[in-house]
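Let me begin by presenting the structure, written as structure tokens, before commenting on it.
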Amino acid sequence: MAAKLAYKLFSFFFLLALAVDGIVVELHGPSSAERRLHYDMLLSSSSGSVRDEKGIPTIGPYVKGLSIGTPYQPMQKISLTTTSADLLIFSKNFTRPAWAFNEEASDTFEWMNSTYTNLTATVDGSQMRMNGRVCMESFQFNHEVELFQDYILYFALIDSASNNSNEYPGNGISGIMGLGFPEQGSPHLDVAAVAFLNDADYEKGVTLNSYTCDQGGLQETVGIFSVSAHLDSAHCDRRQYIETPIYYDEQWSLHIPSFTYNGYDSKKGTIATINIQQLALGMPDDLYAQVAKVLGVDPTANFPYIDCYEDFPQISLKLANGTVTLGATAYIDKFADFPPTCRLIAYPIKATGFLNAWVFGYSVMVDQCLFLGWDRRVVGFAPATAKC
């Protein structure tokens with residue numbers, strides 16, 4: 001179990017593609033030129049299920065199918081965040097044993113004699129100071145998939161948090177996978193999710209996309225979480241792919257020189273940050289006023305209900321290398337069909353100077369591919385081709 005960072009790969013090249021319980025896994029061993037791990041799995045969210053008193057989903061996107069320990073313990077849901085970088089697994093000391101990791105039941109668990117503490121964005125949008133231990137363990141992507149050789153996983157096993165109750169907020173959340181930039185210092189670099197995803201090269205990225213399926217009158221949101229060096233062209237329209245350099249160093253952010261909406265044209269430059277753990281779309285206050293006017297709602301109302309008509313206007317973002325079009329799913333949430341029930345899931349941001357005027361939440365990923373490239377420091381967009 002001597003791996004430098006996140007795992008050890010097979011000593012020969014192979015391709016394994018399996019579909020188990022709706023999860024698609026692709027694994028590539030190292031070629032002579034590079035070490036590579038690539039997999040696709042279903043991406044899910046709580047849209048249509050776990051909602052707060054205002055009807056807004058309380059859990060952002062998560063992945064399923066990760067199992068750790070010997071014998072393997074399946075982790076129910078690993079929440080994804082773009083505002084931190086670490087890979088956290090919750091221990092039975094921290095949350096319900098039903099979805100926590102029990103290190104005492106594993107024959108291969110190893111504590112690396114190092115402690116962990118860091119502020120982390122949680123699934124409910126707040127921040128907690130997570131405390132735990134830096135650990136190493138064997139893992140696989142689905143406990144029903146037998147691999148030829150175990151992978152090794154470094155992570156922070158969370159035992160407590162500064163402001164938590166005796167139960168972690170979230171429905172069956174087993175941990176958090178941070179897709180941000182890792183801190184260049186121990187122990188955070190050792191437990192960075194980017195190290196787990198990309199090995200020591202840090203030359204890869206991830207494609208995120210989700211879409212809503214109508215399953216017997218119920219809305220279920222699933223999607224694609226793909227790890228590769230470039231946009232996942234199997235599920236995204238690469239012909240319309242647009243990417244832009246990140247605006248702030250080692251933060252998922254981008255510069256938007258201008259934007260248009262239903263005839264409203266703004267030439268002022270704005271900055272957007274990406275925070276997929278929140279559902280709503282934060283937008284400049286002048287644009288929000290236009291949206292409220294078009295929809296006929298009170299601009300001071302908080303996530304107001306609206307009529308579910310078909311032709312909601314698009315938002316066109318003019319970037320340096322092209323135009324990205326956000327459809328109505330970026331700011332309109334349809335969460336019931338009978339009767340049709342929609343609401344505005346956007347909020348205004350009054351920004352001046354170099355402050356952010358946009359926050360791209362989880363809704364931006366609906367029906368659109370979002371690419372986060374660590375090595376080239378880019379954010380990319382493309383229309384999604386994967387549907388139910």
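The values are calculated or read from the model by the stated rules, or taken from the named source; none is laboratory data. All values reported here derive from a predicted model rather than from experimental measurement. Please note: Cβ atoms are built from the backbone with ideal geometry, for glycine as well, and neighbour counts cover all protein chains shown. These accessible areas exclude ligands, DNA and RNA; they are computed on the full protein's heavy atoms, side chains included. Shrake-Rupley method; radii C 1.70, N 1.55, O 1.52, S 1.80 Å.
Things worth noting here:
- Criterion (free of Cβ contacts under 8 Å to residues at least 24 places away in the same chain, out of contact with any helix residue (DSSP H, G or I) (no Cβ under 7 Å at 6 or more places or on another chain) and either open to solvent by 30 Å² or more (accessible area, probe 1.4 Å) or under 18 Å from residue 368 (Cβ atoms) (or both)) met by exactly one of 282, 263: 263
- Counting only residues that are open to solvent by less than 40 Å² (accessible area, probe 1.4 Å), of a type in the set (Val, Ile, Thr) and modelled with pLDDT under 90, the stretch 346-375 holds 1 of them.
- Output for the stretch 304-318, where each listed residue is among the hydroxyl-bearing types (Ser, Thr, Tyr) and more than 22 Å from residue 284 (Cα to Cα): 309
- All conditions in (1) within 20 Å of residue 272 (Cβ to Cβ); (2) out of contact with any Ser or Thr (no Cβ under 9 Å at 6 or more places or on another chain) hold for residue 365, with the sole exception of (2).
- Filter result (touching a Lys or Arg at 6+ places or on another chain (Cβ under 7 Å) and assigned to a strand (DSSP E or B)) within the stretch 307-339: 333
- For the stretch 175-203, the set of residues classified as within 16 Å of the chain's Cα centre (by Cα) and modelled with pLDDT of 80 or more consists of 175, 176, 177, 178, 179, 180, 181, 182, 192, 193, 194, listed by residue number.
- Restricting the stretch 245-260 to residues that are open to solvent by 10 Å² or more (accessible area, probe 1.4 Å) and not in a loop (DSSP other than H, G, I, E, B), the residue that is nearest to residue 371 (Cα to Cα): 245
- For the stretch 376-385, the criterion of a residue being in contact with a helix residue (DSSP H, G or I) (Cβ under 7 Å, 6 or more places away or on another chain), under 30 Å from residue 205 (Cα atoms) and crowded, with 22+ Cβ neighbours inside 10 Å is satisfied by at least one position.
- Restricting the stretch 160-170 to residues that are open to solvent by 40 Å² or more (accessible area, probe 1.4 Å) and under 20 Å from residue 115 (Cα atoms) leaves a set whose member that is modelled with the highest pLDDT is 160.
- Hits in the stretch 287-298 (condition: in a loop (DSSP other than H, G, I, E, B) and surrounded by 15 or more Cβ atoms within 10 Å (Cβ to Cβ)): 297
- In the stretch 92-109, residue most open to solvent (accessible area, probe 1.4 Å) [restricted to those that are assigned to a loop (DSSP other than H, G, I, E, B) and at pLDDT 90 or above]: 107
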